[in-house]
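Data first, discussion second: the structure below is written as structure tokens.
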Amino acid sequence: MAKRILITGGAGFIGSHLCERLLNEGNEVIAIDNFHTGRKQNLSSLLSNPKFELIRHDITDSIKLEVDQIYNMACPASPVHYQSNPIKTIKTNVLGMTNMLGLAKRVGARILQASTSEVYGNPLEHPQKESYWGNVNTIGIRSCYDEGKRVAETLCFDYHRTNKVDIRVIRIFNTYGPRMIPDDGRVVTNFIVQAIKGQDITIYGDGSQTRSFCYVDDLVNGIITMMNTENFIGPVNLGNDGEFTVKELAELVIKEVGSKSKIIYLPLPQDDPTRRRPDLSLAKQKLNYAATVPLVEGIKKTVEYFKKSLNT
């Protein structure tokens, strides 16, 4: 049955893919975004759809809407963006989450919070299970995001216990694909943009640190499945559990772009995690979730997108 769905951060990288997918499934979709990192062009193909509505709004202010489901995706997610205005970042996570939970409570909507693998900090457990409490520096330069998302999870569970709000909590691991912002400072975009422009590819640290990279379509499948699953509120890890070193990613990008870029090494930023890979056994068990897009294929599609968008 078609639903009326609110997506906060709907003009963002993941939010826009979610809007598109939920509209294609026949739902009415309301996207709200303050356009700090979201971009209207991410939704340009949807604006003429009568079932779609876009509102410029910041979730740190409350809003009154009648909806069945809320996907709370609003928050800058790359270190460059969330550190550019750290106070705003933590307000989005804390005040924004409170406002969205209040809305869900008032209209009886189910709400899904897009939390993050960053709640695990620089993990001492590998791979990371949902039961791991994390290793986060509460006063570090990343804490506006890490701690903000941890508090957002706390709020979800407190609203659930106290007010019976119907919550779902996912923890998203590194995701990439079309519609990422070229200067977001994330490793995939950095490497692709540098390779296309023929610049040196900068690796922070010695390149031995690992990440798991999930193509956006796989993530969106997991998010929608989680929202519509009964009797399981999470938190649940979503991502891809293939583990690659940052150096391997750089070499793959150079090969796919056909670039003559050289790799150079710079110092590692503060609190940058050395290893990160999700334990996806809970997602597999509860949601029958598995990532299906191999890194090579996903990188090919992302390179194509950036070649087009950097030209325009």
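If you take the residues in the range 97-126 that are at pLDDT 95 or above and assigned to a loop (DSSP other than H, G, I, E, B), which one is surrounded by the fewest Cβ atoms within 10 Å (Cβ to Cβ)?
Result: Gly108.
Scan the range 91-110 and report the pairs whose first residue is on the phi > 0 side of the Ramachandran plot and whose second residue is not in a helix (DSSP H, G or I), with Cβ atoms within less than 8 Å and a gap of 6+ or a chain change.
Gly108/Asp166
Using beta carbons and a limit of 6 Å, which pairs, at least six apart or on different chains, have the first residue in the range 243-271 and polar (S, T, N, Q) and the second one open to solvent by less than 40 Å² (accessible area, probe 1.4 Å) and in a strand (DSSP E or B)?
Matching pairs, first to second residue: Thr245/Thr210; Ser261/Ile201.
For (1) under 25 Å from Ile7 (Cα atoms); (2) touching a Lys or Arg at 6+ places or on another chain (Cβ under 7 Å), each residue gets a yes or a no:
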| position | (1), (2) |
| --- | --- |
| Leu112 | yes, yes |
| Val119 | yes, yes |
| Asn122 | no, no |
| Ser131 | no, no |
| Gly148 | yes, no |
| Ile172 | yes, no |
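Are any of the residues in the range 249-270 part of a strand (DSSP E or B), open to solvent by 40 Å² or more (accessible area, probe 1.4 Å), modelled with pLDDT under 95 and under 24 Å from Pro127 (Cα atoms)?
no
For residues that are in contact (Cβ under 8 Å) with a residue 60 or more places away in the chain and either under 21 Å from the mean Cα position of the chain (by Cα) or within 29 Å of Arg21 (Cβ to Cβ) (or both), tally how many sit in the range 196-231.
Of the residues in the range 196-231, 21 are in contact (Cβ under 8 Å) with a residue 60 or more places away in the chain and either under 21 Å from the mean Cα position of the chain (by Cα) or within 29 Å of Arg21 (Cβ to Cβ) (or both).
Just the residues that are surrounded by fewer than 23 Cβ atoms within 10 Å (Cβ to Cβ) and in contact with a Leu (Cβ under 8 Å, 6 or more places away or on another chain), please, taken from the range 173-187.
Selection gives Pro182, Val187.
Which residues, taken from the range 190-212, are assigned to a loop (DSSP other than H, G, I, E, B), charged (D, E, K, R) and more than 19 Å from Thr312 (Cα to Cα)?
Those that are assigned to a loop (DSSP other than H, G, I, E, B), charged (D, E, K, R) and more than 19 Å from Thr312 (Cα to Cα): Asp200, Asp206.
Return only the number of the condition from (1) over 25 Å from Ile5 (Cα atoms); (2) surrounded by fewer than 19 Cβ atoms within 10 Å (Cβ to Cβ); (3) out of contact with any helix residue (DSSP H, G or I) (no Cβ under 7 Å at 6 or more places or on another chain) that Ser212 does not satisfy.
(2)
Name the residues in the range 271-296 that are surrounded by 14 or more Cβ atoms within 10 Å (Cβ to Cβ), at pLDDT 95 or above and over 18 Å from the mean Cα position of the chain (by Cα), would you?
Those that are surrounded by 14 or more Cβ atoms within 10 Å (Cβ to Cβ), at pLDDT 95 or above and over 18 Å from the mean Cα position of the chain (by Cα): Leu282, Lys286, Leu287.
Report the residue count in the range 127-159 for those that are in a helix (DSSP H, G or I), within 21 Å of the chain's Cα centre (by Cα) and not aromatic (Phe, Trp, Tyr).
13
Of the residues that make up the range 160-167, is at least one buried (at least 20 other Cβ atoms within 10 Å of the Cβ), in contact with a Lys or Arg (Cβ under 7 Å, 6 or more places away or on another chain) and either assigned to a helix (DSSP H, G or I) or on the phi < 0 side of the Ramachandran plot (or both)?
Scanning the range 160-167, I find at least one residue that is buried (at least 20 other Cβ atoms within 10 Å of the Cβ), in contact with a Lys or Arg (Cβ under 7 Å, 6 or more places away or on another chain) and either assigned to a helix (DSSP H, G or I) or on the phi < 0 side of the Ramachandran plot (or both), so the answer is yes.
Before we move on, is Asn99 within 30 Å of Ala250 (Cβ to Cβ) and not β-branched (Val, Ile, Thr)?
No; evaluated as a whole, the condition is false for this residue.
Among the residues of the range 38-84, write down those that are within 22 Å of Pro182 (Cβ to Cβ), in contact (Cβ under 8 Å) with a residue 40 or more places away in the chain and part of a loop (DSSP other than H, G, I, E, B).
Those that are within 22 Å of Pro182 (Cβ to Cβ), in contact (Cβ under 8 Å) with a residue 40 or more places away in the chain and part of a loop (DSSP other than H, G, I, E, B): Arg39, Met73, Ala74, Cys75, Pro76, Ala77, Ser78.
Kindly establish whether Ile299 is surrounded by 15 or more Cβ atoms within 10 Å (Cβ to Cβ), of a type in the set (A, V, I, L, M, F, W, C) and under 29 Å from Gly26 (Cα atoms).
Judged against the criteria, Ile299 is not a match.
Going through the range 1-34 one residue at a time, which ones are of a type outside the set (Asp, Glu) and open to solvent by 40 Å² or more (accessible area, probe 1.4 Å)?
Within the range 1-34, Met1, Ala2, Lys3, Arg4, Arg21, Asn24, Asn34 qualify.
The values are calculated or read from the model by the stated rules, or taken from the named source; none is laboratory data. Source: prediction; values computed, not measured. As a convention, Cβ positions derive from the backbone with ideal geometry for all residues, glycine included, and neighbour counts pool all protein chains shown. Accessible surface areas use protein heavy atoms only, side chains included; no ligands, DNA or RNA. Shrake-Rupley method; radii C 1.70, N 1.55, O 1.52, S 1.80 Å.
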